[in-house]
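The values are calculated or read from the model by the stated rules, or taken from the named source; none is laboratory data. All values reported here derive from a predicted model rather than from experimental measurement. Cβ placement follows ideal geometry from the backbone for every residue including glycine, while neighbour counts extend to all protein chains displayed. Heavy atoms of the whole protein, side chains included, go into the accessibility calculation; ligands, DNA and RNA do not. Shrake-Rupley method; radii C 1.70, N 1.55, O 1.52, S 1.80 Å.
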Amino acid sequence: MEAADVVIVGAGHGGAQAAIALRQGGFVGSVLVVGDEPELPYERPPLSKDYLAGDKGFDRLLIRKAEFWAERGIDFALGERVTAVEVGAHRLTCASGRSIGYGQLIWGAGGTPRRLTCPGAEARGVHYVRTRADIDGVIAELGTARTIAVIGGGYIGLEAAAVLAKLGKSVVLFEAGERVLARVAGAALSRFFEVEHRAHGVALHLGASVAAIEVAGGCAAGVRLADGAVVAADLVIVGIGIIPNVAPLLAAGAEGGNGVRVDAQCRTSVSDVFAIGDCALHANRYAGGAEIRLESVQNANDQASTAARAIMGTPTPYDAVPWFWSNQYDLKLQTVGLSTGHDEAILRGDPATRSFSVVYRRDGAVIALDCVNAVKDYVAGRALVAGAVRADAAALADPAVPLKSLSDG
């Protein structure tokens, strides 16, 4: 049976950063990264943007070139999906039958796209957005697709809609909620992006529950809504969230449910096993101490470094300020903090100028900012969020008042 001192399950952002952090920290033991895709670690955010648009080839998405990993003695087992963890034996079993022993295990397996369960969901032409293969499947059908249905009004759905509209496709987007981005942003930001997408020709259907995918000749031919309305489409893209890939860990006795529970050093409840990234359920002070999963590159990278430091005997609690970004058309949305639970949203600037911010407060303290084409606000806003600064509402709303002056004072 092959084995490594540290085995990392997941070759995404978190897995790659964990391996890098171990070597940067001076770890000299063997490191093996197990990934279920055939590719070396690559950036996922550009998949629904630059890669789908054809602006970036896959080589430009690689987190590091092959030589980088080889020079640092970081090995890979690619195209392998871990199906079982034997905690006592410190052993993994893969779907292929391959068995891998570990001294310490870092679980960064991410998540699987939540799938439609309605009639027609398995038809050809229904696509999800998570891997290179997913997007390659979309690209292969774009040439003959004229009308594209996007199901889901979160970041993934909106980004895909923006790219497809720019490519000249007729795009129809369905969101079950009453506004887009409802899980992650306030109403003002949602309405702004709704206006922008409509201005670019995207037909938005809000409060639209999908009842079925219409099928013709085995291929998706449209979307049928709960009210009976049918909208024709040649291709369907689904972005309705992910399910964390934690079943093998939970079966092995690790605590969790919607993710696997970890402590401040990213340790799970089972010996010598850490979890990071999309699948790690952790108490986060920027969420008021609630247990959450954060689906972001920032979280994956920072938790990876936290786990690596714990393995090397220099544990440091995870306490990073959350941040996110999204590119749609010529709009760059940058978010710092978590707006969930806010009791006040302060508009800073005029959305009509397409450069503004929304500052979120709870009990008078700044907890998050959404910044649209407003990089200075985003950079300065980090200090406001980290310090839970109680700045004057009028000053926060005035673009002439630098946010940096509020955090300094």
³J(HN,Hα) computed for each position of region 233-244 - Karplus, 6.51 cos²θ - 1.76 cosθ + 1.60, integer Hz, glycine/proline x: 7, 8, 7, 10, 10, 10, x, 10, x, 10, 10, x
Over 30 Å (Cα to Cα) - which of 49/376; 65/169; 169/332; 56/404 fall in this group: 65/169; 56/404
Estimated vicinal HN-Hα couplings, Hz - region 195-210 in sequence order (Karplus 6.51, -1.76, 1.60; Gly, Pro = x): 4, 4, 5, 5, 5, 9, x, 7, 8, 9, 10, 9, x, 9, 8, 7
5 angstrom amide H check on residue 77, placed H, neighbours 5+ away: 33, 34, 35
Inter-site label distance for residue 331 and residue 298 at 7 Å from Cα along Cβ, in nm: 1.9
Compactness relative to 2.2 N^0.38 Å, alpha carbon Rg of region 95-216: 1.28
Difference of contour (0.36 nm per residue) and Cα-Cα distance, residue 30 to residue 84: 17.3 nm
Solvent exposure ordering (accessible area, 1.4 Å, most first) of 99, 339, 405: 405, 99, 339
Ordering of 262-272, 61-71 by burial proxy (mean other Cβ atoms within 10 Å per residue, highest first): 262-272, 61-71
Dimensionless Rg over Rh [region 1-159; C-alpha; Kirkwood]: 1.03
Column: log10 I(q)/I(0), Debye, Cα scatterers of region 345-409, q = 0.26 Å⁻¹: -1.15
Percent carbon-and-sulfur accessible area, the chain, ignoring ligands, DNA and RNA, probe 1.4 Å: 51
Residue-wise HN-Hα coupling along region 104-112, computed from phi with Karplus coefficients 6.51, -1.76, 1.60 (Hz; x: Gly, Pro): 10, 10, 10, 9, x, 7, x, x, 10
